[in-house]
Amino acid sequence: MMLTVLGSGSSGNCYIVGSSNERVLLDCGLTQREILRGLNFNVAVVDAILLTHEHKDHALSARAFHKMGVPVYSGTETSHKCEYVRPVSALKPFSAGKFNIIGFPLPHDETPNMGFLMRHPDMGTLLYMTDFAYCPYNFKKVGINHLMVECNYCESDLDIDDDAYKHRVQGHAALNTTKGVIRANMTDALKTVTIIHVSSNYGNPDRMLTEVKSIVGDGVEVNIAVPGLTIQL
Ligand SMILES: [Zn+2]
Ligand SMILES: [Zn+2]
């Protein structure tokens, strides 16, 4: 199974997880055209779109893919605003093809947001968390194999006078937060860590990569998500 990054960050988030004949999209915040190209125009193999929240950088093409017949799953509150969403109850497992999935709420400023834990017999477990100030849950007992986690900014680079200061602090993960999430969920089962949604203004990819690598050690593959990146799961 593979993880393919089509987009990551406030300009648009979309990730493909799966194989050539069964796939899940994590968010769909790029144009239809960009996502279709990433899928080699094969929409029929997409079992589900897991939508974290309603912001455009995650949801831009959700309605369009729903119209193409792909089920879009997100939290109950998001389904009240986006009528095409199939509501997911927090911490209640559901299936899409051979993927077993659990959604859980994550604090994203004022906007309802959901993280997802998914499992597939050919992939193991993958935890996807983005646009969150902190994580109220611990998944250590699950033995996460693949972690996709936001690392938006470095605290020391933040500008308190910036208009988006409050949103960033209350809605996005700082490097120290991301490191805490990794430490809290790390076991010997961990194989890959993919750092996602890095801010173009307040992120520091080199520092993030170095500091995350120092936590997980050499046995774990660590990458910063950039369009076109593929990772073997
Ligand atoms: Zn976002
Ligand atoms: Zn957002």
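Each value in this text was obtained by applying a stated rule to the coordinates, not by laboratory testing. Because the structure is predicted, anything quoted here is derived from the model rather than measured. Reconstructed Cβ throughout: ideal geometry from the backbone, glycine too, with neighbour counts over all protein chains shown.
For this structure, a couple of remarks:
- Potential lengthening between R183 and A164 on full extension [0.36 nm per residue; Cα-Cα distance subtracted]: 4.0 nm
- Total formal charge among the other residues, if their Cβ is under 12 angstrom from that of N13, Lys/Arg +1 and Asp/Glu -1: -4
- Here the calculated FRET efficiency for F41 and E110, from their Cβ-Cβ distance with R0 = 41 Å, stands at 0.65, rounded to the nearest 0.05.
- Gain in span if fully extended, A64 to Y134, counting 0.36 nm per residue against the direct Cα distance: 22.1 nm
- Over the Cα atoms of segment 93-233, the radius of gyration divided by the Kirkwood radius equals 0.96; this is the Rg/Rh ratio.
- Contact order, relative form, for segment 91-204: 26 percent (alpha carbon pairs under 8 Å, 6 or more residues apart, mean separation divided by residue count).
- A cut-off of 5 Å between modelled amide H atoms, ignoring neighbours fewer than 5 places along the same chain, links V220 with no other residue.
- Formal net charge of residues neighbouring F41 (Cβ-Cβ distance under 15 Å; K, R +1; D, E -1): +2
- Pairs of Lys residues in segment 131-233 are counted when their Cα atoms are under 26 angstrom apart and they lie 8 or more places apart or on different chains; the count is 10.
- Between E221 and D122, the contour length at 0.36 nm per residue exceeds the Cα-Cα span by 33.8 nm.
- The Rg/Rh ratio for segment 2-228 is 0.94, where Rg is the radius of gyration of the alpha carbons and Rh is the Kirkwood radius.
- Based on C-alpha pairs under 8 angstrom that are at least 6 apart in sequence, segment 123-164 has a relative contact order of 47 percent.
- Rounded to the nearest 5, the antiparallel percentage of DSSP beta bridges internal to the chain is 55%.
- Each Lys or Arg adds one and each Asp or Glu takes one away; over the other residues whose Cβ falls under 13 Å from the Cβ of E150, this sums to -1.
- Among beta bridges identified by DSSP and lying wholly in segment 1-82, the antiparallel ones come to about 60 percent.
- Alpha-carbon gyration tensor eigenvalues x 5, square-rooted, for segment 41-147, Å: 21, 19, 11
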